[in-house]
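Asks: Below: one structure in structure tokens.
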Amino acid sequence: MECPHLNSSVCVAVDSSRFPNGSPSSWCCSVCRSNKSPWVCLTCLNVHCGRYVNGHAKKHFEDTQSPGGGQRRCEKQEKERTQHSVCMDCSSYSTYCYRCDDFVVNDSKLGLVQKVREHLQSLENSAFVADRHRKRKLLDGSPLNSKLLKDSGAASALCATGLRNLGNTCFMNAILQSLSNIQQFCCYFKELPAVELRSGKTAGRRMYHTRSQGDTSVSLVEEFRKTLCSLWQGSQTAFSPESLFYVVWKIMPNFRGYQQQDAHEFMRYLLDHLHLELQGGRNGAARSTLPQEGVKLPAGGKCCINGTSTVVTSIFGGVLQNEVNCLICGTESRKFDPFLDLSLDIPSQFRNKRTKNQESGPICTLRDCLRSFTDLEELDETELYVCHKCKKRQKSTKKFWIQKLPKVLCLHLKRFHWTAYLRNKIDTYVEFPVRGLDMKCYLLEPENSGPESCLYDLAAVVVHHGSGVGSGHYTAYASHEARWFHFNDSTVTPTDEDTVVKAKAYILFYVERPAKPGAEPKL
């Protein structure tokens, strides 16, 4: 929005001596000393934490609005009340006005907002370069230090960026971090050109926020692209995905508010809406539906969801064959269903086993879940099949086959189920492979697949911690350049494969293993 309070509230000169030391994204709140979500007041340059931490930035504004003694004139009182209302996020550099209660896209007459923004960016870059130089010096110095840093992953962690929690948004952060480590998918969006969304008197100015641009001018693809570009570039320790979250609110009403949401449901909505926007330039941002070089679309769009294929269906899209047989007359019915992920039940015999070493007996494996999904089953009384030959509902059997495997196989373990009026969590540990998941035995025509085309390697894991879908916390593990990381909102820590395989996976992302040179292509 165009804020009318900038000229009275933004009254600071860019003076380095008035700013705290260190990188702006790690500045501490002057009240509670928290370094999460720091905001700087553009009137007095005091730093306070955001409303999703302890809310001292908002309280600073509210305290300045209380009428004090000795105010002789109404004009002076009103002037003081208009001050301290504008602050800037020290990580994303977006500007917010508490009096307008919205994000700001314009600047003061003297351009002071942009000057502060550029100064914060300069401080952040200088701190990052100094930190990288210090770590590089340690690596190049003592052999012992070099070994310790390399073993802990510090060399690779230089470029890892966390995502700030905006208020129970860990479900979104875990999915975004996972998708950012699906290289073929991520690279496509990062290589897209930026899109100008504004028109009229705000045209030509740099866009930092799309919150006030209206329903027809937001682009999920554009905000998703900007978020992915901010991850792994190494310029900050944590990025605030506010602009993306606002667009999510605009086009996905189910996710409005700050209550905990289901990460799998969010992933499906996100992929579906990215697909729709890429198909037809939805929400004001025209996009080519063809991926960049190196991302090949399937011939004829066979695995496409709702029309023309896009990079979403090209990478995540597979095809299931649903085979139903009438047990009375033997009539067989087949249909093909496209999918972006497979939702797998955890077999009932394993549902009481919570940890890998809890009790003797077999451990539930991912193969058990896949077998349960593809095994022949007899439909119960509530799912009777309408046989076209018998002309009525009859007892029948159903079986799934995979007709086409995707490049990235997304497997969702159904850990939440309804019992009476409650949705309970199945906390069973499910063993899963890190390398060499073989999907050949689940294919409709395995003889048409090459020896390497059905093998998948793990790229990312989303984990739900807690007891219920509406509570708890989501984190993600992901592999980047052959090294594993744990993504817990704004915190990113190197980890190892042994830790990853112990996780109680909720969503697993497997990437198709590249075919060996000279191998026969997939038919």
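Asks: Between their Cα atoms, which of Lys395/Lys425; Lys250/Lys407; Lys226/Lys250; Lys36/Lys407 are more than 27 Å away from each other? Numbers along the way, then the final one.
Replies: Values: Lys395/Lys425 31 Å; Lys250/Lys407 30 Å; Lys226/Lys250 17 Å; Lys36/Lys407 37 Å.
From Lys395/Lys425; Lys250/Lys407; Lys226/Lys250; Lys36/Lys407, over 27 Å: Lys395/Lys425; Lys250/Lys407; Lys36/Lys407.
Asks: Collect residues whose amide H, placed 1.01 Å from N in the peptide plane, falls under 5 Å from the amide H of Ala505; neighbours closer than 5 in sequence don't count.
Replies: Hits under the 5 Å cutoff: Val430.
Asks: Using r as the Cβ-Cβ distance of Gln114 and Asn21, and R0 as 22 Å, what FRET efficiency do you calculate, to the nearest 0.05? Walk me through the intermediate numbers first.
Replies: Values: r = 23 Å, r/R0 = 1.05.
E(calc), rounded to 0.05, equals 0.40.
Asks: Continuing with the same structure: Which peptide among 162-174, 105-117 comes first, and what is the full order, when sorted by highest mean count of other Cβ atoms within 10 Å? Numbers along the way, then the final one.
Replies: Working: 162-174: 22.8, 105-117: 17.2.
Ranked from most to least packed, the peptides come out as 162-174, 105-117.
Asks: Which far-off residues, 5 or more places away or on another chain, put their amide H under 5 Å from the one on Ala459, with H placed in the peptide plane?
Replies: Phe509, Tyr510, Val511
Asks: Further question: Which of the peptides 244-255, 329-340, 455-466 is most tightly packed, and how do the rest follow, going by the mean number of other Cβ atoms within 10 Å of each residue?
Replies: Working: 244-255: 18.3, 329-340: 13.9, 455-466: 21.5.
Top to bottom by mean Cβ count within 10 Å: 455-466, 244-255, 329-340.
Asks: Specify the inter-centroid distance of the stretch 456-499 and the stretch 244-283, based on alpha-carbon positions, in whole Å.
Replies: If you average the Cα positions of each part, the centres end up 21 Å apart.
Asks: Note down the nm distance, to one decimal, between modelled labels 7 Å out along Cα→Cβ at Asp375 and at Asp63.
Replies: Each label point lies 7 Å from its Cα, and together they span 6.4 nm.
Asks: Here is a further query. Give me, ordered by chain and number, the residues 5 or more places off Tyr385 or on other chains with an amide H under 5 Å from its own placed amide H.
Replies: Long-range HN contacts for Tyr385: Gln394, Ser396.
Computed from the coordinates by the stated procedures, all read-outs in this text should not be read as laboratory data. Note that the structure is predicted; figures quoted are calculated from it, not measured. Cβ coordinates were reconstructed from backbone atoms using ideal geometry, including for glycine residues, and neighbour counts include every protein chain displayed.
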